[in-house]
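Enquirer: Mind looking over this structure? Questions follow.
The values are calculated or read from the model by the stated rules, or taken from the named source; none is laboratory data. These figures come from a predicted structure and were not determined experimentally. We place every Cβ from the backbone using ideal geometry, glycine too, and count neighbours over all the protein chains shown. Note: accessible area is taken over every heavy atom of the protein model, side chains too, but ligands, DNA and RNA are not part of it. Shrake-Rupley method; radii C 1.70, N 1.55, O 1.52, S 1.80 Å.
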Amino acid sequence: MRATTAVAFFLGALQATAIPTGLTSVDDYIEAESAIALEQLLCNIGADGCNAAGAAAGYVIASPSTADPDYFFTWTRDSALVFKTLTEYFASHDYDPALQKKIEEYIISQAKLQAVSNPSGGLLDGSGLGEAKFHADATQFTGAWGRPQHDGPPLRAIAGMSYAKWLIANGYPATAQEIVWPVVRNDLAYTAQYWNETGFDLWEEVKGASFFTTIAQYRALVEGSEVAAALKTTCKACDEIAPQILCFLQSYWNEDGYIVSNIETNVDRTGKDGNSILGSIHSYDPRLGCDAHTFQPCSDKALANHKAVVDTFREWPINAAAPAGTAVGVGRYIEDIYYEGNPWYLITLASAEQLYDALNVWEAQGSLTVTPTSLPFFTDLVEGVKVQEYKAGTADYEAITSAVGTYADGFVNVVSTYMQSNGSLAEQFDKATGKPLSARDLTWSYASFLTAAAARNNVRSPDFGWLAKKPKVPCHCKATTANGAYVEATKTTFPPSQTPGGDETITSSIPEPTSTVCLSRVTFNVLIETVWGDSIVVVGDIEELGNGDISQAKPLSADNYTAENPLWSFKVAVPAGASFKYHFVKVKEDGTIIEEAGPEREYEASDECNSTGETGGAWQN
Ligand code: NOJ
Ligand code: NOJ
């Protein structure tokens, strides 16, 4: 019933006014669109989501769009952010068993997905957890892609822990310990082991270090230590590695007063990127106040960065008429060429959310402080602002916070102006015409609407947050990592009807698993001249090579291919001492398959743990 009224409301509102102004209409819009966002978001989750036919239970498709672009896949990042949102929604609203069932299905789906061997690797050494996307039926995607992406595992750990915290708070700690924690633990182990290796950023384009990824890694490990303790276990790697990630996180800030979102790369960009705004809102904890080391939304660094990033998009046609200090459509980064570069709903909403978060903290602490770093941000909004503390209750404080609130609401108004008239949110909207573009009904867009709305209404569950007090940054950064132990989570049935008020107790503490696997890392090389559009894959009679099934073959990378040395390669961990047969296969752009001539190649991996080896050679004609 709610949804029907909402749609009706919308059409009316849109006809009446293009950009609704005044608090009341934003309130109404938020209420109406929240209902639509929740409904549409659920439509994109298998098995019974109305737009997700073919997706298995608990799997989130990024969008129902199957062509231009094809987003009918499940991304670890998108899914984790969606379930972080849903779990927070669940925990801050009246108990809803249907939503709880979805959350349980997500946890179970991810337990299974963690064990699916894929082009990034497998669970043996954790490497497969860095795979970014899978088919919606939970099988591996073997096409070329930006691999690995290190933000998926920490984000999934954070999503899982948010439900673990609900279970603990509501009397089901044993369920959290036995069913949820084994999934979370693998992702924390991955984070502690691989955080210092380069990977692709959240936009899947740049290999290097990414602010969004690093801050998610830090948050996950800090929260990991805390949740481990509550579940009578430990995460020693979390304790040990988290401070080093925080140390590294500081290096994204630059002297020009903003966060450089991609570092340790050679891309030619300013580094001003919605990446950093997303990083800030997803590690918001009101208890941290305006701490700048964790880039809290109200910190001077995060506010200066907000201005730096948002201002880069003011040159776009639909933004050009908006004066400084008023909201615009915000995109990924100004140099973006994906769909020629446009504003994204989810980043525009994140730009609002950061400011709502800031307002909530200032309100709670009864003051706000303008520093030389954040002064330009405030000057755009209110004339004559000075570097000083403003106490709640004063006219100046009221003027500043009300201007920030209006600015934040402005981003929501931009979304309401350019959404589809029935409330649907795609991925992007055209920078010249404002028309929705790219994937329709993007699940992440809806999740972003819900989190921005929760921030505006300041409704958060009691367990919202992850770090009770400001952390200390180590004086010297060390790139310490910890090799993890990875164990498939096999307990995947939740007890029925876990309504609030359970009486479970944890009977015994659980030791951390220790690694018993002995692995050898094998690099497969083949020399073959190819033309644009060709890809090379390898298939063999072990699981890591697709068990002889060509549809499960692993793609090689042409990163080091040159005309003189036409090299394709692939690296994977196999059990030490494994012996197997394999061959290479060429796949042409139109799908034609050309198998290497026989006999099958044979290889026996070294039986020494942590050894490396190489195999392959010239293509056999
Ligand atoms: C798909 C990715 O998801 C998107 O972020 C990227 O811009 C395009 N591929 C082009 O690389
Ligand atoms: C492209 C975006 O760049 C990426 O962040 C996202 O994961 C995929 N689309 C799927 O939504």
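Enquirer: I need the chymotrypsin sites (Phe, Trp or Tyr not before Pro) found in the range 41-98, filtered to DSSP loop residues with at most 15 other beta carbons within 10 Å of theirs.
Expert: Those satisfying the criteria are Tyr95.
Enquirer: Now a separate question. Return P(r) of the chain (all Cα-Cα pairs; 10 Å bins starting at 0; whole %; ordered from short to long distances).
Expert: For the chain, the pair-distance distribution reads 3, 16, 26, 27, 17, 8, 2, 0, 0.
Enquirer: Same structure again: Tell me, in nm to one decimal, what length is gained between Glu512 and Leu527 on full extension, where the rule is 0.36 nm per residue of separation less the Cα-Cα distance?
Expert: 1.1 nm
Enquirer: Moving on. Of Gln428, Pro495, Leu450, which is farthest on the positive side of the dipole of the range 397-516, counting Cα position, with +1 on Lys and Arg Cβ, -1 on Asp and Glu Cβ, and the Cα centre as origin?
Expert: Final value for the positive-end residue is Gln428.
Enquirer: Moving on. Given charges of +1 on the Cβ of Lys and Arg and -1 on the Cβ of Asp and Glu, with all other atoms neutral, how large is the dipole of the range 519-618 about its Cα centre, in debye to the nearest 20?
Expert: Using only the charged Cβ atoms, the result is roughly 120 debye.
Enquirer: Using alpha-carbon pairs under 8 Å, 6+ residues apart, how would you state the relative contact order of the chain in percent?
Expert: 16
Enquirer: Another question, if that's okay. Do any GluC sites (Glu not before Pro) in the range 342-436 lie in a DSSP loop with no more than 11 other beta carbon atoms within 10 Å, and if so, which?
Expert: Here the sparse-neighbourhood loop sites are Glu383.
Enquirer: Counting other Cβ atoms within 10 Å, which GluC sites (Glu not before Pro) in the range 198-260 have at most 11 and lie in a DSSP loop?
Expert: Counting only loop positions with at most 11 other Cβ atoms within 10 Å, the GluC sites (Glu not before Pro) in the range 198-260 are Glu255.
Enquirer: Next question. Suppose R0 equals 56 Å. What FRET efficiency, 1/(1 + (r/R0)^6) with r the Cβ-Cβ distance, do Glu564 and Thr490 give to the nearest 0.05?
Expert: Efficiency, from the Cβ-Cβ distance: 0.70.
Enquirer: Among all the aspartates and glutamates, which ones have a C-alpha under 12 Å from Lys272's C-alpha, if same-chain residues fewer than 8 places away are not counted?
Expert: Reachable aspartates and glutamates: Asp256, Asp311, Glu335, Asp336.
Enquirer: Can you tell me the 0 to 90 degree angle between the C-alpha axis of helix 236-249 and the longest principal axis of the chain, rounded to 10?
Expert: In the chain, helix 236-249 runs at an angle near 60 degrees to the longest axis.
Enquirer: So if I restrict to the alpha-carbon atoms in the range 519-618, what is the Rg, and what is Dmax, the biggest pairwise distance, in Å?
Expert: 13.3, 42
Enquirer: Which ³J(HN,Hα) values in Hz, rounded to whole numbers, follow from the phi angles of the range 510-520 under the Karplus curve 6.51 cos²θ - 1.76 cosθ + 1.60, where θ = phi - 60° and Gly and Pro get x?
Expert: Once θ is set to phi - 60°, the couplings for the range 510-520 become 10, x, 6, x, 10, 6, 10, 7, 10, 10, 10 Hz.
Enquirer: I'd like the orientation of helix 2-16 relative to the chain: the angle between its Cα long axis and the longest Cα principal axis, in ° from 0 to 90, rounded to 10.
Expert: With rounding to tens, the tilt is 60 degrees.
Enquirer: Another question, if that's okay. Rounded to whole Hz and in sequence order, give me ³J(HN,Hα) for the range 302-307 from the Karplus expression 6.51 cos²θ - 1.76 cosθ + 1.60, θ = phi - 60°, writing x for Gly and Pro.
Expert: Result, ordered by residue: 5, 6, 4, 5, 4, 4 Hz.
Enquirer: Picking from Pro343, Leu86, Tyr582, whose Cα lies most toward the positive end of the charge dipole for the chain (charges on Cβ: Lys, Arg +1; Asp, Glu -1)?
Expert: The residue sitting farthest along the positive end of the dipole is Leu86.
Enquirer: Per residue, how much accessible area does the range 519-618 have with a 1.4 Å probe, in Å²?
Expert: 52
Enquirer: For the range 90-118, list residues with backbone N below 19 Å from a point placed 7 Å from the Cα of Arg287 toward its Cβ?
Expert: Those under the cut-off are 91-92.
Enquirer: What is the sum of charges, Lys and Arg at +1 and Asp and Glu at -1, for the other residues whose Cβ falls under 13 Å from the Cβ of Ile528?
Expert: -2
Enquirer: Separation of the range 581-606 and the range 44-88 by C-alpha centroid, Å?
Expert: Measuring centre to centre over Cα atoms gives 33 Å.
Enquirer: Which FRET efficiency value, to the nearest 0.05, is calculated for Val267 and Asn610 with the Förster distance at 51 angstrom and r the Cβ-Cβ distance?
Expert: That gives a FRET efficiency of 0.95.
Enquirer: Over the range 519-618, what is the relative contact order in percent, taking alpha-carbon pairs closer than 8 angstrom and at least six residues apart?
Expert: It comes to 39 percent, rounded to a whole number.
Enquirer: Follow-up. Say each of Asn254 and Ile550 gets a label point 7 Å from the Cα, pointing the same way as Cα to Cβ; how far apart are those two points in nm?
Expert: Each label point lies 7 Å from its Cα, and together they span 4.8 nm.
Enquirer: Once you have the Cα-Cα distance between Thr417 and Asp590, take 0.36 nm times their residue separation minus that, and quote the gain in nm to one decimal.
Expert: Answer, rounded to one decimal: 58.1 nm.
Enquirer: Among Ser34, Leu167, Val572, whose Cα lies farthest out toward the positive end of the dipole of the chain, if unit charges sit on the beta carbon of Lys, Arg (+1) and Asp, Glu (-1)?
Expert: The residue sitting most towards the positive pole is Leu167.
Enquirer: Next question, about the same structure. Which value, in debye to the nearest 20, describes the size of the charge dipole of the chain about its Cα centre when Lys and Arg Cβ atoms bear +1, Asp and Glu Cβ atoms bear -1, and nothing else is charged?
Expert: In total the dipole reaches around 1080 debye.
Enquirer: Per residue of the range 196-208, in order, report the coupling 6.51 cos²θ - 1.76 cosθ + 1.60 (Karplus, θ = phi - 60°) as ³J(HN,Hα) in whole Hz, putting x for Gly and Pro.
Expert: 8, 8, 6, x, 7, 6, 4, 8, 6, 10, 10, 8, x
Enquirer: So if a site counts as exposed when it's one of the trypsin sites (Lys or Arg not before Pro), its DSSP state isn't H, G, I, E or B, and it has at most 11 other Cβ atoms within 10 Å, what's the longest stretch of the chain without one?
Expert: 1-385
Enquirer: Give, in nm to one decimal, the length gained when the segment between Glu543 and Asn483 is fully stretched (0.36 nm per residue of separation minus the Cα-Cα distance).
Expert: 19.4 nm
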